[in-house]
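The structure appears below as structure tokens.
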There are 2 protein chains.
Amino acid sequence: MALRPVTRRSVSDQVFDQLLDDVVDGELAAGEPLPSERRLAEVLGISRPAVREALQRIAQTGLVEVRHGGATLVRDFRRAAGLDLLPRLLVRGGALDTAIGRSVIEARAEVGPGIAALAAERGGPALAAGLDAVTDAMTTTTDATAWQVLALDYWDLLVDGADSMVFRLMYNSLRSAYEPALPALATLLADEVGQVEPYRLLTAAIRAGDGPTARAAAARVLTPTADTLLGAFAAMEADR
Amino acid sequence: MALRPVTRRSVSDQVFDQLLDDVVDGELAAGEPLPSERRLAEVLGISRPAVREALQRIAQTGLVEVRHGGATLVRDFRRAAGLDLLPRLLVRGGALDTAIGRSVIEARAEVGPGIAALAAERGGPALAAGLDAVTDAMTTTTDATAWQVLALDYWDLLVDGADSMVFRLMYNSLRSAYEPALPALATLLADEVGQVEPYRLLTAAIRAGDGPTARAAAARVLTPTADTLLGAFAAMEADR
DNA sequence: CAGCACGACTGGTATGACCACTTGACCAGT
DNA sequence: ACTGGTCAAGTGGTCATACCAGTCGTGCTG
């Protein structure tokens, strides 16, 4: 008997999710006014403070604009939302949006090498030592999910080494989009397990402080994963 | 007579800002528990719902973790926050954080050319026509701020052409960090006004669907601004 | 000493009242 | 015809209070 943990989400959480989905799905079109807080509370059968908490959080993500005295308006999230919305877009209704997934892979391929280059210029041998520890752990790993976790740890160190707040925050956003899907992706990427060599080469370039080489090495680390996932996305679309 | 719009910020807004600043400044250290909602309300002299709204928004940005029945814990924002936090980090206490600013410039230099390359492969002549309209407007502009706005419009179209949700959201986050400082930056970048040629070359590469050339052209568009701003940041640090 | 029960916290929700603001309609002046 | 004032209705913003629902430490109990 596999009991799964009961999820007791708060009312305002549920309202938040519902509103967010409605906006993203276009069910609430941009420019359209939302029902008043009192009306929402009545329709949903909850209290106004609960509605307000959800609404404030929605506004925080830029999906909606509340105006004191006036109506609350839906905004075009493609224009107004920031990268923090990504996790909500990537997996919606339990399914993975392949178009969004594709753009994640593309962004990773674009940004990753840049981070590696910066890390090479700024991280030095201390960073390389930390990376070695991770790759050592990789060699003794056979589990696909554990491998992916280590890969994330590796990049985590790299991002630290790049010493850039923007890349750090970008990485956090991408990671929190990536992480929920990790177990599912890990099985797709099972063939990668054990391929430590590309990481070793990247670490070597970092240790040498060689930015351009690190950039190229990072691309080589990322390419196989990107190809596999893009292929999987294409297959998923064909199925549909 | 320069009338400035009256700013009447809501109580929960002010609490939100205050808590956010305290977390970012490290005044509230990571791992530390926050005072209870009742206590905060009492100390701040406001109602508990107001405190809660602020707290929920703080939690939404990942700076804090609220647990039903337990204390609300401060998290390490460098680890937990997403790119949406950037605007709050870039300008704090009315002043611009040069370290953050530097990393914005770096990220722009890294991501911009990638966007241009994608746009070249996917945008086609229709995109190029839109870009032409913007560069035409640039030729008739002498005001530094107006020029910067047009430059943003140009990139906005480019991002649309890249047809990537991740880059779109990244751009939105970076733009909302950049925009508040735009008037101040515009004066620094006054020399750029009228330099339409780099943009024209980039548009040509887009029209031709030539990704690599677009990438290089985008780098040429971005480099002068980057150099100017990095120089200005260095000067600001020297002053300090 | 292990285990449990309980009490004193914490956050979550509900209610109803009132304040502050926007909107639109209407009405008076010019 | 236009400006400005007034007003009522509806909206979001805030408050006070009570109670529900979890967590956590303490001290009792076996």
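Annotation: B:Ala95 fulfils all but one of (1) of a type in the set (A, V, I, L, M); (2) over 23 Å from B:Ala216 (Cα atoms); (3) more than 8 Å from every other protein chain (Cβ to nearest Cβ); (4) buried (at least 23 other Cβ atoms within 10 Å of the Cβ); the unmet one is (4).
Taking residues in region A:176-201 that are away from chain B (no Cβ under 14 Å) and small (Gly, Ala, Ser), and partners anywhere that are loosely packed, with under 14 Cβ neighbours inside 10 Å and in a helix (DSSP H, G or I), the pairs with Cβ atoms closer than 8 Å and at least 6 places apart or on different chains are A:Gly194/A:Thr139. Look at (1) modelled with pLDDT of 95 or more; (2) within 12 Å of DNA strand C (Cβ to nearest atom) and you find that B:Gly69 fails only one, number (1).
Residues of region B:58-73 that are over 20 Å from A:Met170 (Cα atoms) and either within 8 Å of chain A (Cβ to nearest Cβ) or crowded, with 23+ Cβ neighbours inside 10 Å (or both): B:His68 alone.
Put simply, of B:Ala109, B:Ala80, B:Ala50 the only residue that is touching a residue at least 60 places away in the same chain (Cβ under 8 Å) and at negative phi is B:Ala109. Scanning region A:105-120 for residues that are in contact with a Gly (Cβ under 6 Å, 6 or more places away or on another chain) and within 11 Å of chain B (Cβ to nearest Cβ) turns up A:Glu110, A:Ala117.
What do you reckon, is A:Ala128 surrounded by 17 or more Cβ atoms within 10 Å (Cβ to Cβ) and in contact (Cβ under 8 Å) with a residue 12 or more places away in the chain? Yes: the conditions hold for A:Ala128. If you check A:Arg102 against the conditions, is it under 30 Å from B:Ala116 (Cβ atoms), more than 7 Å from chain B (Cβ to nearest Cβ) and within 16 Å of DNA strand C (Cβ to nearest atom)? Answer is no for this residue.
Would you be able to say whether some residue in region B:122-144 is within 14 Å of another protein chain (Cβ to nearest Cβ) and either under 22 Å from the mean Cα position of the chain (by Cα) or part of a helix (DSSP H, G or I) (or both)? Yes, that holds for at least one residue. Cβ-Cβ distances below 7 Å connect the following pairs, each with a first residue in region A:141-163 that is among the hydroxyl-bearing types (Ser, Thr, Tyr), a second residue that is part of a helix (DSSP H, G or I), and a separation of six or more residues or different chains: A:Thr141/A:Trp147; A:Thr141/A:Leu150; A:Thr145/A:Leu182; A:Thr145/A:Pro183; A:Thr145/A:Ala186; A:Tyr154/A:Leu131; A:Tyr154/A:Val134; A:Tyr154/A:Tyr199. Among the numbered conditions (1) buried (at least 16 other Cβ atoms within 10 Å of the Cβ); (2) more than 13 Å from DNA strand C (Cβ to nearest atom); (3) among the acidic types (Asp, Glu), the only one that B:Glu53 does not meet is (2). Being more than 10 Å from every other protein chain (Cβ to nearest Cβ), more than 15 Å from DNA strand C (Cβ to nearest atom) and of a type in the set (Lys, Arg), is that true of even one residue in region A:35-49? The answer is no, given that none of the residues of region A:35-49 is more than 10 Å from every other protein chain (Cβ to nearest Cβ), more than 15 Å from DNA strand C (Cβ to nearest atom) and of a type in the set (Lys, Arg).
Only helices (runs of 4 or more DSSP H) whose full extent lies in region B:41-95 are considered here, and the ones with at least 1 residues that are touching a Ser or Thr at 6+ places or on another chain (Cβ under 6 Å) are B:48-60, B:86-90. Within region B:24-40, does at least one residue satisfy the condition of being within 26 Å of B:Leu169 (Cα to Cα), more than 16 Å from DNA strand D (Cβ to nearest atom), β-branched (Val, Ile, Thr) and assigned to a helix (DSSP H, G or I)? The answer is yes; a qualifying residue exists.
This table checks each residue for (1) within 16 Å of DNA strand D (Cβ to nearest atom); (2) touching a strand residue (DSSP E or B) at 6+ places or on another chain (Cβ under 8 Å).
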residue	(1), (2)
A:Val51	yes, no
A:Gly70	yes, no
A:Leu73	yes, yes
A:Leu85	no, no
A:Gly93	no, no
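Scan region B:155-172 for residues that are more than 7 Å from chain A (Cβ to nearest Cβ) and either part of a helix (DSSP H, G or I) or under 13 Å from the mean Cα position of the chain (by Cα) (or both) and report the count. Looking only at that region, the number is 9. For region A:190-240, filtered to residues that are out of contact with any Ser or Thr (no Cβ under 6 Å at 6 or more places or on another chain) and not in a helix (DSSP H, G or I), the residue that is surrounded by the fewest Cβ atoms within 10 Å (Cβ to Cβ) is A:Arg240.
The values are calculated or read from the model by the stated rules, or taken from the named source; none is laboratory data. In this text, all values refer to a predicted model and were calculated from it rather than measured experimentally. All Cβ positions, glycine included, derive from the backbone under ideal geometry; neighbour counts span all protein chains shown.
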